[in-house]
Each structure stands twice: as structure tokens, then as C-alpha cells.
Amino acid sequence: MLSVEEAFDRIQSAFTPLEEESKPILDAIGQVLTSDVVSPLDLPPMPNSGMDGYAVLYNDVKDASENNRVELGIIATVPAGQVCNKIVTPGTAIRIMTGAPIPPGADLVIPFEETDEVERQTSQQKLEHISILSSLPQFANIRPSGEDVKTGQTILQAGTVVRAAEVGILASLGFSNVGVIRRPIVAILSTGDELESLGETLGAGHIYDSNSYSIAASVISAGGIPKILGIAQDNFHAIHAKLSLVSDSDLLITSAGVSKGDYDLVKDILTTQGDIDFWSVRMRPAKPLAFGRINESSTNSIPLLGLPGNPVSAMVAFEMFGRPAIRQMLGKSRLLRPMVQGVLTSPIYNTDQRRVYARVEVTRDKGIYYASPTGPQGSNILSSMSQANGLAICPEYINQKQAGDTVQILMTDWNEEVE
Ligand code: AMP
Ligand code: MG
């Protein structure tokens, strides 16, 4: 049996980041920048006001106070988006709005609140004078050009993941497109004579194919593009026919047919069609696993990850091995989910020296995380997966983790309720 780490290392060594694509900035969320972003301009592009107020000379108002009001003549008003070329000279002020360029001469902006503007504005007349009621340090409320970003500065580095703030930065610099590592296309094939497609009536002894959908959903959350190939019966021709559909894919994920049942023919077929190893991984759920390359044609082979058929096993195996592979192809440096330490509220059992990943609901109370198993842990029980936001680990060399014991938890979802 392989340890989880051995299986992980063997699989991950087969993947590297994919090629670059150029994308509209909004479509690039979650993708990784392929090159440094160098600013073509200063941000802000010109000195501008940080407040609504009056652009003045510091020298005029440095001694101003409630009892020593300084009266200035208003020579202009400048809104954001306009440039005022009038010069602020001794005894004058220019009314200025937030974001408007600082007029020549001015070296301080006094906010409205520090003036008597409200008192004066009782009449409808246009204000001609203003009194300053307090002083501020020279250059206060003036945002210098290049304060945020300077021309030529590397503002985002290659390898950065595009999030909302990065989209904002790119837009503020005028970039409508950006170069990122493209998303992998992941073909998904379910195998099994018992499987029925959605929309069909269930025949006797049949079940709906849920793995195609849970895995496709997991691929989307991991940042990949799923391509559902549908169901292949457990026979050579069915599987062979589906292989003709994977030529544009970066990874093929199959489910079922990798365990030891009589009809697990997938194993034989895949072995003759490529170079695929079948492993037992020391974990529960998801012991049987396949990995290698499948020959899609005589000249092209693509990586294949064969997940076990049981619905929870398939999801957990994807979580441990498929998701990191997708993140590698996306060029992400962190491959694994965040882990937290928490206190178990009821026991987890380990019967055969495998590493147990128990479905738990993680909550937080007074700064401590608690992990509560969400119900029956059979590898076919998808409902207890649905209630879980984490997988609590019982190491392979321990028979049981008891209530009150500390466990490591892999956070499969980290929602606001937990944080
Ligand atoms: P197998 O690996 O073929 O032995 O399948 C193990 C179990 O998983 C069996 O109970 C299958 O019916 C079930 N199973 C296999 N494929 C799927 C699927 N695509 N959706 C739901 N259950 C499945
Ligand atoms: Mg089967």
C-alpha cells in the first residue's frame, strides 16, 4: 500500500503549469498572472485633493483658529475631472472637491468642516469669501501624484492570483486584458453497467450517475473546466469509444472500475491503452486509485486519474489528488487546503491502519474549533459529505480519536460561519 504522501508525490510530479492566455480582466478571476504588471502611469496621475474643501496657502492660515478666523477671497471652484489654472495667491482660496487637481500655488486643503461655509451659505448668493477656523500641517489633504503607484513600478508580480483588488489595480492602470495561465480542461468519465444518465428512468438494479456531477462541480471549484463525457459500460468498446473524446483535455478523470470486483474491467482496458498503475492508498475512504497516462491516439497521451466508484471515495480522492493537480496546472503555488486544529466532539474509529478522513462540521466557539462527525461514514453515504465543511484526520497508526481529542482538519469549505 502507498502512503497518502507517496501517492500525492507520484501524481503531482506529472503536472506543470499550462500555457498563457490573454483574458478580459473580469474573466481572469482566480487565475495566475504569467508576467509582472508594470505601471504605464502614475496613480494618482496628478496631485489632487483628498477632501471637499478649500485649496489655500499654508502661510495664510497657519495661525487660524476659532478665535482668529482668517478670511480669504474665493477665486474659483474646481470639481473632480476639471483642471483649474488660476493661481492661489496670498489672501485667496479655491473651492475644491475630492479628486480634483490641486491648483498651482496651493499647498494645503482645509475641509469644509473647518470653515464657516455653512453659516455663510444661508443666503442663495454665490460665496465670495470664506473664513478658515483652524489650521492644518502644510500639504494636508493633498494626495501627491504617484502616491499609490509610480510609472515603471512593478505593481503585480508574475504568479499573483487575480482577485477583486487585482482587477481593480489592472483597471486603474487602464488594462482591459491580462495574461494568465489558462484553465485546464478536465474530461470526466463514469464507468459502470449499473449507471443511468440523469433524465432517464431508473431500470431495475440501476442508480443515477452522481459522480460525473460531483466531480465536475469539484473541478469547477478547483478552477478547472469540466467536460462530462457521460457513462461508459464496463466493456472495451464503450470505454474505447469515449477515449476519442478526450483529445482537447489536459486530464481525464474516471470513476469506478479500479477496485477488485469481477466487472472492474476498466483496469484491464486502461492498462492496454496506456501506462497506468493501480494503487492501494493507505487511506479511508478512497483506498483504490489509478494513475498514469492514457493513449488518446497513437501520438498523444494525457494524464489519467482513476477515482474509486463510491461517491464519497470519489470526492475525497479528487480532493486529495485531483484538486492539487488542477491547481498545479493553474500555476498556483499553494496546492493544499488550509488545515486547522480542532477538538473532536465524538469519536472517529480506525479499524485497519489507514489514514481516516472523517466528514465533520467545523464550528468555532470562543476562538476554539470543534469538529463534529456529520453522521455515518460509509463511503457511499453522500449525505454526510453534504453536511461537512471539513475532513478530520485520524492518523494511520492510531486506532481511535476520542471525543475531546485534538485533531487536524482539512477545511474543504471555509465559510463565514466558521471564521
Ligand atoms: P466500483 O468501483 O465499480 O466497484 O463501484 C463502487 C461503488 O460505487 C458501487 O456501489 C457503484 O455502484 C458505485 N458507483 C460507481 N460509479 C458511480 C457513479 N458514477 N455514481 C454513483 N455511484 C457510482
Ligand atoms: Mg463497477
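Things to note:
- Pair D275, E21: separation of 7 Å Cα→Cβ label points (nm): 2.9
- Approximate spin-label separation Q341-Q402, in nm, with each point projected 7 Å along Cα-to-Cβ: 2.0
- Contour excess over end-to-end distance, with Cα ends at A204 and H240 and 0.36 nm allotted per residue: 10.3 nm
- Using R0 = 22 Å, the C-beta based FRET efficiency linking K126 and D63 works out to 0.20.
- Once all protein chains are placed together, R69 keeps about 100 Å² accessible to a 1.4 angstrom probe.
- Extreme residue, positive dipole direction of the chain, given options P24, I294, L391 (C-beta unit charges): I294
- Overall, region 268-419 carries a charge dipole of about 260 debye about its Cα centre when +1 sits on the Cβ of Lys and Arg and -1 on the Cβ of Asp and Glu, all other atoms neutral.
- Whole-Hz ³J(HN,Hα) from phi, Karplus 6.51 cos²θ - 1.76 cosθ + 1.60, for region 138-144, glycine and proline x: 3, 6, 4, 6, 10, 8, x
- Residues with amide H under 5 Å from that of V149, placed H, sequence gap 5 or more: L43
- For K267, the lysines whose Cα comes closer than 30 Å to its Cα, not counting residues fewer than 8 places off in the same chain, are K227, K242, K287.
- Positive end of the dipole of the chain (Cβ unit charges, origin at the Cα centre): among S190, T272, G306, the Cα lying farthest that way belongs to T272.
- For the residues W414, W279, a 1.4 Å probe over the protein chains yields an accessible-area ranking, largest first, of W414, W279.
- Rounded to the nearest 20, the size of the Cβ-charge dipole of region 216-329 about its Cα centre is 380 debye, with Lys and Arg at +1 and Asp and Glu at -1.
- Probe 1.4 Å - accessible area at D209, Å² to nearest ten: 10
- Between I409, I74, I25, the Gaussian network model of the chain with springs among Cα atoms under 10 angstrom shows the greatest mean-square fluctuation at I74.
- Student exercise, the chain dipole from Lys, Arg, Asp, Glu Cβ charges, in Debye to nearest 20: 640
- Computed from phi, the 3J(HN,Hα) profile of region 179-193 under the Karplus parametrisation 6.51, -1.76, 1.60 (θ = phi - 60°) reads x, 9, 6, 6, 7, x, 8, 10, 7, 10, 10, 9, 10, x, 5 Hz, with x in place of Gly and Pro.
- Antiparallel beta bridges, as assigned by DSSP with both residues in the chain, represent about 70 percent of the total such bridges.
- Per residue value of the accessible surface for region 119-180 (all protein chains in place, 1.4 Å probe), Å²: 60
- Accessible surface computed residue by residue for region 229-364, with neighbouring protein chains in place and a 1.4 Å probe, gives 41 Å² per residue.
- For the chain, adding -39500 (n - 2.57) for each run of n ≥ 4 DSSP H residues and dividing by the number of residues yields -4500 deg cm²/dmol at 222 nm.
- Sites A140 and L173, calculated FRET efficiency, Cβ-Cβ separation with R0 22 Å, nearest 0.05: 0.20
- The label point for D148 and the one for E119, both projected 7 Å from the Cα toward the Cβ, are 3.7 nm apart.
- Rounded is the label for region 193-289. Its Cα gyration tensor axes, ordered a ≥ b ≥ c, give a/c under 1.5.
- Residue of V258, V109, V362 that the Gaussian network model of the chain assigns the largest fluctuation, springs spanning Cα pairs under 10 Å: V109
- The residue among V180, H129, Q157 whose Cα reaches farthest toward the positive pole of the charge dipole of region 118-182, with charges on the beta-carbon of Lys, Arg, Asp and Glu, is V180.
- Accessible heavy-atom area order of E6, E416, E66, E296, highest first, probe of 1.4 Å: E416, E66, E6, E296
- Taking the centroid of alpha carbons for each part, region 118-183 and region 266-302 are 54 Å apart.
- Listed values for region 335-352 are Karplus-derived 3J(HN,Hα) couplings in whole Hz (6.51 cos²θ - 1.76 cosθ + 1.60, θ = phi - 60°), namely 8, 10, 5, x, 10, 10, 9, x, 9, 6, 9, 8, x, 10, 9, 10, 9, 9, and x replaces Gly and Pro.
- Taking the protein heavy atoms of region 303-392 in the context of the full set of protein chains, the accessible area attributed to carbon and sulfur is 49 percent at 1.4 Å.
The values are calculated or read from the model by the stated rules, or taken from the named source; none is laboratory data. Given the structure is predicted, the values throughout are model-derived calculations rather than measurements. Every residue, glycine among them, receives a Cβ derived from its backbone with ideal geometry; neighbour counts consider all protein chains shown. Calculation scope for accessible area: heavy atoms of the full protein, side chains included, ligands and nucleic acids excluded. Shrake-Rupley method; radii C 1.70, N 1.55, O 1.52, S 1.80 Å.
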